[in-house]
Amino acid sequence: MGRPIPTDNEILLKPIDIVVSKSDEEGNIEYCNPIFIKLSGYNKKELLFSPHSILRHPDMPRVIFKFLWDELKKGNEVTAFVKNMTKDGSFYWVIAYVRPAFNPDGSLRNYVSTRKLMSEHARDVIEPLYEKLLEIEKSDGVEASEKTLMEMLDGRAFNDVMTEIQNS
Ligand SMILES: Cc1cc2nc3c(=O)[nH]c(=O)nc-3n(C[C@H](O)[C@H](O)[C@H](O)COP(=O)(O)O)c2cc1C
């Protein structure tokens, strides 16, 4: 299956939509709900056991996924804005809450992502930020964009800043 070519066609979530998926330790899709499937444009068979990066949009800075995985591996949850690409190259924006789920014995069960509509304000803030991070990554690599992201957080917790951006 070749990668889609990104288009300018945007798919808008409804405020009521909750887009859920679960993955194994490597990010392969183990479960996805009907809205996830519908939005993606793929069928369930194409999605199950595929990596979540099947939805990766080229406009997404790598540093966001690096941060996501660093935190998940530490057992922490992450709130992040994500632009996803569908099978036909369209895109949709979400705010994603991603967390590890654990078995009663403390071992990892899976990772769970719950996504909702991103606020308009968040869109205004995040789009230029991601553009900047991507540009820095292209010229100076992911360490440089990580530095810029940390400077922007100015000592505050990533999740708190993202939640504030979504709600203000
Ligand atoms: C539970 C879970 C859900 C994820 N959901 C998405 C998603 O919706 N879109 C996406 O691009 N990456 C998602 N990821 C991150 C991917 O695993 C991957 O890191 C990202 O797509 C970058 O892929 P790449 O490193 O191959 O470029 C998710 C990861 C986890 C653990």
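Values quoted throughout were computed directly from the atomic coordinates according to the rules given, and no laboratory measurement underlies them. The structure presented is a predicted model; accordingly, all values stated were derived computationally and were not measured. Quick reminder, even Gly has a Cβ in these numbers, built from the backbone with ideal geometry, and neighbours come from all protein chains shown.
Okay, here's what the table says:
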{"item": "Charge dipole magnitude, Cβ of K and R +1, D and E -1 - the chain, Cα centre, debye nearest 20", "result": "640 debye"}
{"item": "Extreme residue, positive dipole direction of the chain, given options GLY106, ASN167, ILE126 (C-beta unit charges)", "result": "GLY106"}
{"item": "Helical mean residue ellipticity (222 nm; -39500 (n - 2.57) per DSSP H run of 4+; nearest 500) of the chain", "result": "-12000 deg cm²/dmol"}
{"item": "Residues LEU47, LEU133, sorted so that the one with the fewest Cβ neighbours within 10 Å comes first", "result": "LEU47, LEU133"}
{"item": "Low-density loop cleavage sites - chymotrypsin sites (Phe, Trp or Tyr not before Pro) in the range 1-77, where at most 13 other Cβ are within 10 Å (DSSP)", "result": "PHE49"}
{"item": "Count, lysine Cα pairs under 21 Å in the range 30-147, 8 or more residues apart or across chains", "result": "20"}
